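J.: Let me begin by handing over the structure; questions about it come next.
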Amino acid sequence: MTSKSNSEDQRYKEHGMNTPKNFMIPVLLLLLKDWNAHGYELMHKLTEFGFQSVDKGNFYRILRQLEKDDLVHSEWDTTSSGPAKRIYSITKAGENYLGIWANTLGEYQKMLDQFFNMYSNLFSPTSFTSKREDNKNE
């Protein structure tokens, strides 16, 4: 059973049936809207949000690019014991960009709602039974 589940997961990944590309960006910005955080805290919050795995190297490249694009700002935190850590925060440009993402995702949500309404009408147990009965009557 486990191998079948793993092979199905792999097939979905091969066909791009994972998180939409770049979806991590608006989630990161949304997380930073509420509070400033270290990179490790952000990675942890992403997995809590539902990202199955976060590649550490890619994650920090994304954060550096967001900073380069002036969507986030970081500064060194030297107040805690141990090595200094970067604290990330969202900028005004990041808040504007997050708003654009939210509007776009809202439109996408409407399409997803239509898809699932259609899907549930076609594959719900009651519609399946009624279609079988319709075919019998013909």
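J.: Identify, among T91, F51, T79, the residue whose Cα sits farthest towards the positive end of the charge dipole of region 50-108, taking +1 on the Cβ of Lys and Arg and -1 on the Cβ of Asp and Glu, with the dipole about the Cα centre.
T.: Going by the charge dipole, the pick is T79.
J.: I would also like to ask the following. Taking neighbour counts of Cβ atoms within 10 Å as a proxy for exposure, in what order, fewest first, do I90, I62 appear?
T.: In increasing order of surrounding Cβ atoms, one gets I62, I90.
Every read-out reported here was derived from the displayed coordinates using simple, explicitly stated rules and does not represent laboratory data. Fair warning: this is a prediction, and the values are worked out from it, not measured in the lab. When we count neighbours, we look across all protein chains shown, and the Cβ atoms used for this are built from the backbone with ideal geometry, even at glycine.
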